[in-house]
1. Determine whether residue 141 is in a helix (DSSP H, G or I) and surrounded by fewer than 14 Cβ atoms within 10 Å (Cβ to Cβ).
2. May I ask you to list the residues in the stretch 37-90 that are farther than 18 Å from residue 211 by Cα and among the acidic types (Asp, Glu)?
3. For the condition part of a helix (DSSP H, G or I), under 24 Å from residue 189 (Cβ atoms), out of contact with any Phe, Trp or Tyr (no Cβ under 9 Å at 6 or more places or on another chain) and without any contact (Cβ under 8 Å) to a residue 24 or more places away in the chain, what is the one hit in 46, 35?
4. For the stretch 144-174, how many residues meet the condition of being of a type in the set (Asp, Glu) and not in a loop (DSSP other than H, G, I, E, B)?
5. Would you mention how many residues in the stretch 98-117 are under 10 Å from residue 79 (Cα atoms) and not acidic (Asp, Glu)?
6. Looking at the stretch 96-128 only, could you name the residues that are within 15 Å of residue 151 (Cα to Cα) and touching a residue at least 40 places away in the same chain (Cβ under 8 Å)?
7. Specify the residue that is nearest to residue 178 (Cα to Cα); the eligible residues are those in the stretch 101-138 that are hydroxyl-bearing (Ser, Thr, Tyr) and in a helix (DSSP H, G or I).
8. Could you check, for the stretch 170-191, whether at least one of its residues is at pLDDT below 80 and over 13 Å from the mean Cα position of the chain (by Cα)?
Amino acid sequence: MLRRIRGLGIRGRLVLLVLGLGLPFLGYVAYSAAEQVARERDLAKERNLAHARIVAARLDDYVGDLNQLLATLSFVVPTAQEAVAENDALLRHLGPNLPSHVRNVSIWDLAGNNVGALDASLRAHPFNVGDRQYFRAALGGEALAVEAPIVSRSDGERLAVFARPVTRDGAVVGVVAASVALKQLQALLNPEGALPGGSVITLIDQRGVILARSIDPDR
């Protein structure tokens with residue numbers, strides 16, 4: 001090896017010297033760049049996770065408000081057909097004090113027929129909800145049943161519906177439900193400049209169905 005180096009001209013020896021000094025430096029630069037990329041990636045993960053937790057907390061509050069409303073109503077509303085006017089009046093009275101994201105509140109008898117609503121226009125063309133998943137789950141005794149996305153049978157809007165059973169003396173006698181338009185969830189997903197450009201926040205249910213996104217909400 002030494003014999004070969006001695007056989008090199010001045011130019012060759014200079015090239016070897018440059019390589020000998022430059023390669024460690026280039027290696028250090030590459031290592032530093034990789035470390036910087038890793039640190040930035042970890043920082044981005046932490047920032048995104050923190051914002052996801054904030055959004056999750058907002059959604060917890062959102063659902064908590066609905067659950068409290070339905071739990072209260074389930075103790076006081078009657079579910080007989082002759083109670084429609086009474087239930088409508090109660091819900092209209094509560095209307096101004098309901099959470100702003102509530103689209104409608106409705107009361108259903110055991111057969112899935114409406115016996116009261118905040119927006120009574122849903123009975124303009126009567127329909128039955130006996131086949132809805134949220135209705136069957138609530139009848140089954142679930143504390144809070146949720147179904148989304150579903151298409152409203154009164155006006156075709158895409159909704160999320162939350163429901164609880166109405167019980168009397170330990171027996172289920174009906175269902176009380178609250179609906180919200182999925183597009184109203186967009187305000188909860190607004191990153192407000194907290195995330196890097198191009199970031200997307202998505203709300204996904206337990207089946208993997210996308211319920212709302214911070215971009216392209218109409219899709």
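1. Against the criterion (in a helix (DSSP H, G or I) and surrounded by fewer than 14 Cβ atoms within 10 Å (Cβ to Cβ)), residue 141 does not qualify.
2. Scanning the stretch 37-90 gives 40, 42, 46, 65, 82, 86, 88.
3. That would be 46, the only listed residue that is part of a helix (DSSP H, G or I), under 24 Å from residue 189 (Cβ atoms), out of contact with any Phe, Trp or Tyr (no Cβ under 9 Å at 6 or more places or on another chain) and without any contact (Cβ under 8 Å) to a residue 24 or more places away in the chain.
4. 1
5. 7
6. Listed by number, the residues that qualify are 103, 104.
7. 134
8. Yes, because at least one residue in the stretch 170-191 is at pLDDT below 80 and over 13 Å from the mean Cα position of the chain (by Cα).
The values are calculated or read from the model by the stated rules, or taken from the named source; none is laboratory data. Computed from a predicted structure; not experimentally measured. Virtual Cβ from ideal backbone geometry, glycine too; neighbours counted across all protein chains shown.
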